[in-house]
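The values are calculated or read from the model by the stated rules, or taken from the named source; none is laboratory data. The model shown is predicted, which means the values in this text are computed figures rather than measured ones. Cβ coordinates were reconstructed from backbone atoms using ideal geometry, including for glycine residues, and neighbour counts include every protein chain displayed.
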Amino acid sequence: MKYEALILDFDGVLIESEYVGNAQIADCLTRIGHPTTPEEAMKHFMGLAGRPFVEAIEKWIRRPLPDEFHRAREEEDARTLAEGLEAVAGAIDFVEALPTGLPRAIASSSSTEWIERHLDLLGVRHHFGDMIFSAREHVARGKPAPDIYLHAAEAIGVAIERVAIIEDSPVGVTGALASGGQVIGLCAGSHCLPGHSERLRALGVRHIASSFEEAARLLGLRA
């Protein structure tokens, strides 16, 4: 791949939040009378945030979400922010090995508070400086729209066509592909169940990495 900058998604790419979060969503929905498995939650809701996330769930359960669901989510988010989550296998080594002069950014559906807190806990926030962008806060349209990637590319000063984007979810890769960036579909997290890579390929992703080692090779960072 020929690229001059790197944009990374956050949840499911750098931290193991996708399976944990979707298991919690499934549990909450089951408790309010809508039996849902973590696998079903990941299939229908993974990569979404804000209003699109709520709308997808309400479509799934065919009714408005009760306040109980939102309270449970807020409590779980607060607990997770306090305790932290594990990094995806190989993520820390990958970030720490990035060339010093390579422009890079994070483009996520999560809040900047969430991203920065976990980067602090993992000890790698300094690798991104202020190049941390939230689709909830920095653009009008969240993923699967391409806006957050275009915003990040503009901020780091590299044309999107010369930017490599590492994404893991169908929603994320849809937006990344639409942006015109060079997309790597990363299938390294615990949420990447059998068939995940095929889902990403079906959306048009040409480069699939099953690990950060493989992603580094695709980027030409390792032999």
Discussion item. Name the single residue that is surrounded by the most Cβ atoms within 10 Å (Cβ to Cβ) among those in segment 194-223 being touching a helix residue (DSSP H, G or I) at 6+ places or on another chain (Cβ under 6 Å) and in a loop (DSSP other than H, G, I, E, B).
Written reply: V205
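Just give me the residues in segment 153-193 being farther than 24 Å from E18 by Cα and part of a loop (DSSP other than H, G, I, E, B), in sequence order. Full working, then the answer.
Applying the first criterion (farther than 24 Å from E18 by Cα) to segment 153-193 yields 153-163, 180.
G157, V158, A159, G180, listed by residue number.
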Worksheet item: If you scan segment 112-137, which residues turn out to be in a loop (DSSP other than H, G, I, E, B) and without any contact (Cβ under 8 Å) to a residue 12 or more places away in the chain?
Response: G129, D130
Practice prompt. Would you point out the residue of segment 194-215, among those that are under 22 Å from G21 (Cβ atoms) and more than 16 Å from the chain's Cα centre (by Cα), that is modelled with the highest pLDDT?
Written response: L203
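With a cut-off of at least 1 residues that are among the aromatic types (F, W, Y) and touching a Cys at 6+ places or on another chain (Cβ under 8 Å), name the helices (runs of 4 or more DSSP H) lying wholly within segment 6-109.
Output list reads 67-83.
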